[in-house]
Structure formats: C-alpha cells, structure tokens
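Everything below concerns the one structure shown next.
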Amino acid sequence: MTTGMGKTEPRGKFITLEGIDGAGKSTHLSWLADRVRAYGHKVVVTREPGGTPLGEKLRELLLTQSMQIETETMLMFAARLEHMAQVILPALAAGRWVISDRFTDATFAYQGGGRGLARDKLELLEQWVQEGFQPDLTLYFDLPIEVARQRLAATDGALDRFERENAGFFGRVRAAYLDRAGNDPVRMQVIDASPSPAEVKASLDIIIKRICI
Ligand code: TMP
C-alpha cells in the first residue's frame, strides 16, 4: 500500500507507546496527548490492535480466541493495514499528530519474542504492510516482569489471552523490546516505569518537549 504522504502539507508526527502488559503505558496516554496539544498540535489517540471498526473486531478475536501463531501475526498486520490506511496516514497527512497505544514493535516483542515466530517472517509482513513507514518516536515503558505481573493482578476484571501468559513469555517479550530499543535508540526511548507516576511523567515531559518544539 502507498503511504500517501503529502508532498507539501506539514506532516504530523507519529508517536507510539509500548511495554509489557502491566507496565502502565495506558495510564499516561491521555496525559501525553494533552502535553502534545499544549504545544499547539492537533492529536489523534488510537490503539492496536484496533483503531478502526474492523480492527476492533479483530482485536476482540485476538484477545479471546486461541489460534495459530501465524494467524495471530497476520491478523495483527491486517488490523494494522486498516489502521494505517483509514486513520494514521490520513491524520498525519492532514498535519495531525497520532499517538498509538502499541504498533509494530509489539508484534516483534509478542509474536517474535514471546511466541518465537521467526524474525524474517515478521520483517516480510512489516515491509509488505508498512513499506518503510515507522513511528517518529516510540516510548517504551520498561518494568521488571514481577512488578508488571503484580500490577496486573491488582487490576479489576478478567485477564485477556495475552495477560494470562506465564512469566517466561513476558520475560521473552521484555527482552525482545529491550533488544529493539538497543538497536534503534533514537526512535525508541526507554522509560523506566518503576518510579511513581509523577516521576515517570517528569521523564516523559523532557522527551515530549524535545519532539514538540
Ligand atoms: P493492550 O493490552 O495494550 O491493549 O494490547 C492488547 C494485547 O495485544 C497486548 O497483550 C499485547 C498484544 N499485542 C500483540 O501481541 N501483538 C501486537 O502486534 C499488538 C499491537 C498487540
């Protein structure tokens, strides 16, 4: 698919949030959007899997139905293609900033690291769907898995198919995230999610200011 980037319009920026389940990224999402708005940008907040009517239906399946790893991976990318085509690329081309709760780093971390799917298969799908399109900035919320699991256990409501995975799975997911962050340190900023929310916000504020002005 074509990325459809306008030649003359000032393009918005694409920011993604990543982390293992329980790392607390979603807690900071609306605050982050408000910070970006405070710099005068129009902001679209969205999520993966999801972000479109079809994507939300795929999300429901992905979080509840057991399936082959390859099916899971292709559904993640199918939802992503719709998300890019219908939401992300049009918004960026119109000069809006897009903040997405997860994007392709999650596929490399969960399906690649967690489930063990070969990286070359993921790269093939990534290239097919994204044609080189990448976030301008990724905030990766890093937390030891024991702490993340304690936080998850303390939340209300039933755990989904991914949240119910064991510590070994989350250890591999975290290692894959850290590996990607180490290989792409400019795009992917590691946020220590262990301190208090106020301290995490202070770290985020510095990074957001840098990209917004
Ligand atoms: P959420 O809990 O952050 O809303 O994300 C839903 C789950 O989907 C989460 O456990 C991570 C998982 N996921 C993948 O396994 N691969 C992906 O590519 C994405 C976007 C999410």
Keeping to the range 29-44, report how many residues are under 21 Å from F133 (Cβ atoms) and open to solvent by 70 Å² or more (accessible area, probe 1.4 Å).
1
Within the range 92-101, tally of residues that are on the phi < 0 side of the Ramachandran plot and open to solvent by 10 Å² or more (accessible area, probe 1.4 Å)
5
Specify which of the listed residues (G50, G40, G116) is within 23 Å of I207 (Cα to Cα) and not in a helix (DSSP H, G or I).
G40
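Only one residue in T73, T138 is touching a Ser or Thr at 6+ places or on another chain (Cβ under 9 Å), closer than 23 Å to R180 by Cβ and outside any helix (DSSP H, G or I). Which one?
On the way: T73 fails: outside any helix (DSSP H, G or I).
Among T73, T138, only T138 is touching a Ser or Thr at 6+ places or on another chain (Cβ under 9 Å), closer than 23 Å to R180 by Cβ and outside any helix (DSSP H, G or I).
Among residues belonging to the range 102-147 that are among the charged types (D, E, K, R) and more than 15 Å from the chain's Cα centre (by Cα), point out the one that is surrounded by the fewest Cβ atoms within 10 Å (Cβ to Cβ).
D120
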Looking at (1) more than 15 Å from the chain's Cα centre (by Cα); (2) of a type in the set (K, R); (3) assigned to a helix (DSSP H, G or I), which one does R80 not meet, given that it meets all the others?
(1)
Given L117, L92, L63, which one is more than 26 Å from G182 (Cα to Cα), of a type in the set (A, V, I, L, M) and either near the ligand (Cβ under 8 Å from one of its atoms) or without any contact (Cβ under 8 Å) to a residue 60 or more places away in the chain (or both)?
L63
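To keep it simple, each residue is scored yes or no on (1) at pLDDT 95 or above; (2) in contact with a His (Cβ under 9 Å, 6 or more places away or on another chain); (3) surrounded by 13 or more Cβ atoms within 10 Å (Cβ to Cβ).
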residue	(1), (2), (3)
G12	yes, yes, yes
E18	yes, no, yes
G22	no, no, yes
T27	no, no, yes
P53	yes, no, no
K57	yes, no, yes
T64	yes, no, no
T71	yes, no, yes
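The values are calculated or read from the model by the stated rules, or taken from the named source; none is laboratory data. None of the values given here were measured: they were computed from a predicted structure. No Cβ is skipped: glycine too gets one built from the backbone with ideal geometry, and neighbour counts run over all protein chains shown. Just so you know, the surface numbers come from the protein's heavy atoms only, side chains and all, with ligands and any DNA or RNA stripped out. Shrake-Rupley method; radii C 1.70, N 1.55, O 1.52, S 1.80 Å.
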